[in-house]
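Contents: one structure, followed by commentary.
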Amino acid sequence: MAVLAALVAIAAAGGCTGAEPAEDSRTPLPSVPAPTQDARGSAEEAALDAYRGMWQAYAKAGLTANPDEPSLAAHTTDEALTNLKNGLAKLRRDGEVVKGEYQSDPQVTEASPAATPSSISVQDCLNTERFLTYKTATGALADDVPGGNRAVRATVTRDDGGWKVSSFGVQAVGSC
C-alpha cells in the first residue's frame, strides 16, 4: 500500500510543476485486425456441417424409410445420395425403418488443395448402439445384429450448391 501511495504522490507532484510534459518516446503498437478464419478452416467447418447434416437427414428419412426426403439432397450428392436413397428404398420394400439415436464425432483428415480446398476427407467413429432397424408392422427389431462403433470415411466436395458428401463408406461394428 505504501508503494502505491508513493507512486500516486510522485505522479501528482510531477503534474503540478507547470513544466511542459516530455514528448512520449514510446513507439505506438501496430494495430492488429480481428482474426479471420482462413479459407481452409472455413472449408473444413462447412464440410463437417455437411457430413453431420447427412446423418441427420438419414435419421429423419429412416423414420419412414423415405428415399425422397428432401434434406438428403441438401447434404449429399453423387454416389452418397444414390446409396442413401437405394438403402432407404430397400428398407421400405422390406417393411423396415431406422429409429433411435446415433453418436458422431467427425474429424477432418485431409483437405485438397491444402490452401483453398474443394475436397475434404472426413473420418468418424459412428456409434449405432441405439440407432437400429425395426419392422414397421410390429415395431420389433428387424434382426439380432447389435449396433456399435463403426468406422466411417467420407469425401465431402464443394460444388455450385455448397459443400456436400459425395461418397462414404461405413465399416462393420467394432471397426473403431
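Side notes on the structure shown:
- For the range 62-176: rounded, prolate or oblate by the Cα gyration tensor [a/c cutoff 1.5]: oblate
- Ranking by accessible area, most exposed first, for SER166, SER104 with a 1.4 Å probe: SER104, SER166
- Legend: calculated FRET efficiency, ARG130 to ASP38, from the Cβ-Cβ distance at R0 = 30 Å, rounded to 0.05, equals 0.20.
- Size descriptors for the range 85-125 (Cα atoms only): Rg and Dmax, in that order, 16.3, 47 Å.
- Quarter of the Cα convex hull surface for the range 95-156, i.e. its orientation-mean projected area (nm²): 5.1
- Hz values of 3J(HN,Hα) by residue in the range 165-174 - Karplus curve (6.51, -1.76, 1.60), Gly and Pro given as x: 6, 9, 7, 7, x, 10, 8, 5, 4, x
- Where TYR51, TYR58 fall by accessible area, highest first, once all protein chains stay in place (1.4 Å): TYR58, TYR51
- Rounded to the nearest 10 Å², the accessible area of LYS60 at probe 1.4 Å: 120
- Those aspartates and glutamates that a straight Cα-Cα span of less than 14 Å connects to LYS90, excepting residues fewer than 8 apart in one chain: ASP68
- Simple spin-label estimate for ARG92 and LYS60 gives 1.6 nm between the two label positions (7 Å along the Cα-to-Cβ direction from each Cα).
- The candidates ASP38, ASP94, ASP144, arranged from most to least accessible area with a 1.4 Å probe in the full protein assembly, appear as ASP144, ASP38, ASP94.
- Percent of Cα-Cα distances greater than 23 Å, calculated over the range 32-118: 36
- In this simple spin-label approximation, ASP159 and SER118 carry label points 7 Å from Cα along the Cα→Cβ vector, and these lie 1.3 nm apart.
The values are calculated or read from the model by the stated rules, or taken from the named source; none is laboratory data. Note that the coordinates shown come from a computational prediction; the quantities given were computed from them, not determined experimentally. Using ideal geometry, Cβ is built from the backbone for each residue, glycine included, and neighbour counts are taken over all protein chains shown. Remember, those area values only see protein heavy atoms, side chains included, never the ligands or the DNA or RNA. Shrake-Rupley method; radii C 1.70, N 1.55, O 1.52, S 1.80 Å.
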